[in-house]
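Below you'll find the structure, written out as structure tokens, and then a few comments.
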Amino acid sequence: MCHSEKVSRNAIIKEITGVIAVGAATGLIGILTTLLLHTAEHQLAHVTQYTMAVISLGVGALAGICWWALRRRGPIVSVTTALSTETQLPWWRTLADALLQLLIVTAGASLGKEQAPRQLAAAIAERIIHTRTDADAQRRNRLLAAAAGAGLAAMYHIPIAGMLFVLELLPVRRDRATVATTIAVCTIATAVAAPVVPAPLYAFPHETLGVNDLLPLLVVTIVATVVAVVWRRLTVTQLQRRYTGPWLVITLPLALATTYAVGTWFPAVHGNGQLVLDVAFGTDITALMACALLLVKMSATLVCIRAGAVGGVLTPSLAVGAAAGVCVAVLFGAPHAVMALVAAAIVLAIAQRAPLFGAAMAIELTHPDIWLAATVVVTAAASFWCTRKIR
């Protein structure tokens, strides 16, 4: 065997080994994160309202102190920054940041929990691989991005959405090697986490889209598109203006206390948005209640972002869209779950500037029939195309 063939063979073995190791490790992260959140939620379900209010204040204060301490030593490196600048993800700072995100979501903060497993998966992937040459640096970026997408996939059992997250949203090359690596890592991670993470995550009723629902569908598409544009601008503005430094010790407890207080009237506002989606997909509510839920969920999420909390906005975006869809569905007498799903996908697609990812995530979380799934893809793509020049 010549030297070049041996080197090529070793490179292939190294690539396959890295893909399997990163995929398996990311799947384990999905399992541990899910079990941690379920255990915490189970314990908090039995406490009194007074105790929960005290816990919210305490968690807010603790998170504020810890994030202030972390940021005093410099900004926390995100996955996007690590890929764009090839900056290393510091393990202990990344772990602390991820655990704080999970902690405040468990305490009721209106933010998503999906950013934490993405960060952890990418940080672990960086420690599994080694970078010495330019070729290794490219391999590092491929596996780092794939791990981030796989962290999302394993957390919610959404492998296709995880792949599209990498290819649509992360700053990586869209070549064959990246696509193949992403598919493999997301598939392995989802398979490893499958015994713990259910699929689909949401119980979606067997509602179909009929001919009489075409007019409500058009109205829902228009309303959801407008809501999505407004929602994206508000979230970007609050991210740019969010508090940092010593103010976090005050703003975060106030944000969590406010969210908890509002949640006494609107319990679905607590957490990442899953409760709003459960209501939208499985409960008959009035148009007034749906509109109130829409405004309250938007406000609670924006307050948490402005207060300086770190977390995802994927599930909150789905929740905002679902509430908007139910508002229209009730007024027209259309199927609530169908309109909620279409609107949720539209809001996520426009908010993230990723139409395929937005549609795929909404579909994989609910597993609707093939025709409704196709409708979700078409409406999300069309709404994004109409707003593609709006930033």
Subject >> Every residue from region 276-316 that is open to solvent by less than 20 Å² (accessible area, probe 1.4 Å) and among the acidic types (Asp, Glu) >> reply: none
Original post:
Going through region 134-162 one residue at a time, which ones are open to solvent by 10 Å² or more (accessible area, probe 1.4 Å) and over 18 Å from GLN115 (Cβ atoms)?
Top reply: ASP134, ALA135, ASP136, ALA137, GLN138, ARG139, ARG140, ASN141, ARG142, PRO159, ILE160
Original post:
Inside region 130-189, can you point out the residues that are aliphatic (A, V, I, L, M) and out of contact with any helix residue (DSSP H, G or I) (no Cβ under 9 Å at 6 or more places or on another chain)?
Top reply: ALA137
Subject >> Complete set of residues in region 258-270 that are open to solvent by less than 30 Å² (accessible area, probe 1.4 Å) and in contact (Cβ under 8 Å) with a residue 60 or more places away in the chain >> reply: THR259, GLY263, VAL269
Original post:
Is one or more of the residues making up region 326-336 under 21 Å from the mean Cα position of the chain (by Cα) and either part of a helix (DSSP H, G or I) or of a type in the set (Gly, Ala, Ser) (or both)?
Top reply: no
**OP:** Could you grab me the full set of residues in region 80-119 that are under 14 Å from the mean Cα position of the chain (by Cα) and either part of a helix (DSSP H, G or I) or among the basic types (Lys, Arg) (or both)?
**Re:** ALA98, GLN101, LEU102, VAL105, LYS113, GLN115, ALA116, PRO117, ARG118, GLN119
**OP:** Go through region 197-236 and give me each residue that's among the acidic types (Asp, Glu) and either on the phi > 0 side of the Ramachandran plot or open to solvent by less than 50 Å² (accessible area, probe 1.4 Å) (or both).
**Re:** ASP213
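Within region 61-68, is there a residue that is more than 30 Å from LEU277 (Cα to Cα), among the aromatic types (Phe, Trp, Tyr), touching a residue at least 40 places away in the same chain (Cβ under 8 Å) and open to solvent by 40 Å² or more (accessible area, probe 1.4 Å)?
yes
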Original post:
Taking region 237-249 as the search range and keeping residues that are farther than 24 Å from CYS327 by Cβ and β-branched (Val, Ile, Thr), which one is surrounded by the most Cβ atoms within 10 Å (Cβ to Cβ)?
Top reply: VAL249
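The values are calculated or read from the model by the stated rules, or taken from the named source; none is laboratory data. Fair warning: this is a prediction, and the values are worked out from it, not measured in the lab. Because the Cβ atoms are built from the backbone with ideal geometry, glycine has one as well, and the counts that use them run over all protein chains shown. SASA here: full protein model, heavy atoms, side chains in, ligands and nucleic acids out. Shrake-Rupley method; radii C 1.70, N 1.55, O 1.52, S 1.80 Å.
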